[in-house]
Amino acid sequence: MATVNDHYLKLKAGYLFPEIARRVSAFAEANPEAPLIKLGIGDVTEPLPEACRQAMIQAVQDLGSRDTFKGYGPEQGYAWLREKIATHDFQARGCDIDASEIFISDGSKCDTGNILDIFGDNNTIAVTDPVYPVYVDTNVMAGHTGSTNERGEYEGLVYLPITAENQFIAEIPSHKVDLIYLCFPNNPTGSVATKAHLQAWVNYAREHGSVIFFDAAYEAFISDPEIPHSIYEIEGARNCAIEFRSFSKNAGFTGTRCALTVVPKTLTAKAADGTDVELWKLWNRRQSTKFNGVSYIVQRGAEAVYSEAGQAQIKALVNFYLDNAQIIREQLTAAGLQVYGGVNAPYVWVQTPNGLSSWDFFDKLLHICHVVGTPGSGFGAAGEGYFRISAFNSRNNVETAMQRITQ
Ligand code: MLT
């Protein structure tokens, strides 16, 4: 008889966003006339930038001629895209990252999960609480945890609470952890980290031989010039950090799929026999075996992000969503709610009013205002009493949703 991966049975019933979608569908079926506005999952709504579309159209044409046709591409991504990323996203900010250290992929969600393939099973793993649920669930699937306690926390994970008291910035642990997930700008709270804070993490990681998984999927939303966009802006990070980035939120590629992971060649971890192993080699081996790359068409579209027109268009897109975030912040604040985030991030983190639980507030907004958000407790026990509102939507929908909530 075939057996299953029992670790999956420890997972909570549904992944957060499909679970929300399930509840919303049930509501919509029972109330077909209700004009729902979805500010839950951070999915973009505005059209792909013109520069990307034109590049993709040209790429389709390339595939129509034997001379320019492409079959399998390099598993690591085309060099012309990796070089543009290295120059514009890293070297221009003073980061010593080479194109060969960049791996193109179809998403940061996949990469932050898949990266566990190259690490051992005995690492101590730290996540913030609340946290992007993928980090936790993929560790559960890999068998790195026990079961949940009554707070919904998995035995074996180290939870670093991020709360209003610490400005949603985790304190550095006093004991050793091996793998640390950091996400800045933060999903779900919208907080950002200063250089000094990231330097403290890098110093900690180097002292303990830890590896930081730095999820920078929302870096384009940083509007404060003092805030670092990449962990590699921090001295020593080449020796302790892997960075994840995405074209999903800055260029609207959530449906098109393109992202990247940076694994510096100077980054090592220990083999069972105590030798130092280059993580780049393992990730390269993993990707070459399990991944066949992102389509040529999509990579050409991503490359166009770095053209002059593309840069202007993605800036406009990011600013559009940031203006939405400002509207959400201002309107909810004026209505007397305590809000956080939404300044350097597309997410606004709202304290639920009158001590309502996150799911009760979710139900209230759904049933009374016909607005969908994300319950903070879905991101972890410390998210209880909070609610996340995404700024990814049309202006009209954001304004209408705010009117409904605040009246
Ligand atoms: C979110 O809403 O947290 C994001 O859309 C999730 C993701 O990017 O996978």
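The values are calculated or read from the model by the stated rules, or taken from the named source; none is laboratory data. Since the structure is predicted, the reported quantities are computational estimates derived from the model, not experimental observations. With ideal geometry, Cβ positions are generated from the backbone for all residues, glycine too; neighbour counts draw on all protein chains shown. Note: accessible area is taken over every heavy atom of the protein model, side chains too, but ligands, DNA and RNA are not part of it. Shrake-Rupley method; radii C 1.70, N 1.55, O 1.52, S 1.80 Å.
Annotations for the structure displayed:
- Annotation: peptides 295-308, 241-254, ranked by per-residue average of other Cβ atoms within 10 Å with the highest first, follow the order 241-254, 295-308.
- Label point 7 Å beyond Cα of T266 along Cβ direction - residues of the stretch 94-138 with amide nitrogen under 19 Å: 94-103
- Cross-link check: pairs K84/K315; K281/K315; K265/K290; K38/K109 evaluated at a Cα-Cα cut-off of 24 Å; pairs beyond the cut-off: K281/K315.
- In nm, spacing of pseudo-spin labels at R285 and Q311 (7 Å Cα→C-beta vector): 3.9
- Note on the chain: with neighbouring protein chains present and a 1.4 Å probe, carbon and sulfur make up 50 percent of its accessible heavy-atom surface.
- The packing ranking of peptides 72-81, 204-213, 227-236, highest mean first, is 227-236, 204-213, 72-81, where packing means the average number of other beta carbon atoms within 10 angstrom of each residue.
- Solvent-accessible area per residue for the stretch 1-62 (1.4 angstrom probe, square angstrom): 65
- Summing +1 for each Lys or Arg and -1 for each Asp or Glu among the other residues whose beta-carbon sits under 9 angstrom from that of T148 gives 0.
- Full extension of the segment from N354 to L36, taken as 0.36 nm per residue of separation minus the current Cα-Cα distance, would add 112.1 nm.
- For the pair Q61 and E330 in one chain, pulling the backbone fully straight at 0.36 nm per residue adds 92.2 nm over the alpha carbon distance.
- Segments 344-353, 24-33, 259-268, 108-117 sorted - mean Cβ within 10 Å per residue, highest first: 344-353, 259-268, 108-117, 24-33
- Stretch gain in nm, segment F17-Q403, where the contour uses 0.36 nm per residue and the Cα spacing is subtracted: 136.5 nm
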